[in-house]
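Worksheet: the structure to be examined is printed underneath.
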Amino acid sequence: MTSTAATDPAARTGGDRRIIVMIGAPGAGKGTQAERLAAELGLPHISTGELFREALRSDDPLGDKVRSYVESGALVPDGVVVEVVDHRLHESDADEGVILDGFPRTCAQASALDEMLARSDAAVTATLYVEVAPELLLERLTGRRICSVDDQHVYHVVAMPPRKEGICDIDGAALFQRQDDTAETVQSRLDKQLPPMFEVIDHYADHNVLFSVRGDKPAGEVTADLLRALGPAQSA
């Protein structure tokens, strides 16, 4: 997959509102970078995972709609996902712009976002793709280890190993690997999630707003590369 970088400055504007989409495979560090950029740019970081959690805690009709799918174990359909995001984008703290994390996941969602923003004379101004090689994704995702006493004590065999192998630094309990962190499960997730992600990348490349940066560097360097990709007009 070869990504395309935007070259036309005019294509990067959607009025004065900055709508930045973060794209990356599981394990690419997309969520971490979205948080760092939000702090740097003074824009709200909007995660669809958090939006769903908020919807589930609410007692309004939209929350009830989301709850009906989640509680039945069904996938929340694109139309409802778009409605949840649209509702969030109309909150006052999003007037200057947002950083979207976890949306859009499909071409259908990307097209729906384009239509949603066009109704308020806005557009996606930049799509930032944090690109990481598949073998590194596997290493990152399969290296997580969890404390058997407190699952908030999280380690990584390469990036953040415990002082003693297999033992939690804090309470001395054994560490374990979650079933969804095994190589087979992780590869299955990647096989399902990468093809639609690449279609979304192509969508934004066609709209000339895609910027790709390497995600295999230290987090601070990746953030700096993302800010450079945005350029002075976006990061000011």
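Readers should treat all values here as calculations from the given coordinates under stated rules, not as data from a laboratory. Everything numeric in this text was worked out from a predicted model, so none of it was measured. Cβ: placed from backbone, ideal geometry, glycine included. Neighbour counts: every protein chain shown.
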Original post:
Suppose every K and R has +1 on its Cβ and every D and E has -1 on its Cβ; what is the size of the dipole of region 166-236 about the Cα centre, in Debye to the nearest 20?
Top reply: 200 debye
Subject >> Inverse mean reciprocal Cα-Cα distance (Kirkwood Rh) of region 53-156, Å >> reply: 16.8 Å
Subject >> Estimated dipole of region 1-159 in Debye, rounded to 20 [Cβ of Lys and Arg +1, of Asp and Glu -1, Cα centre] >> reply: 460 debye
**OP:** Can you tell me which of 180-190, 46-56 comes out highest on packing, and rank the rest after it, using the mean Cβ neighbours within 10 Å?
**Re:** 46-56, 180-190
Original post:
What is the local net charge at Ala55, summed over the other residues whose Cβ is closer than 14 Å to its Cβ (Lys, Arg +1; Asp, Glu -1)?
Top reply: -4
**OP:** Principal axes first, then extents: for the Cα atoms of region 119-221, list largest minus smallest coordinate on each axis, whole Å, largest first.
**Re:** 55, 29, 28
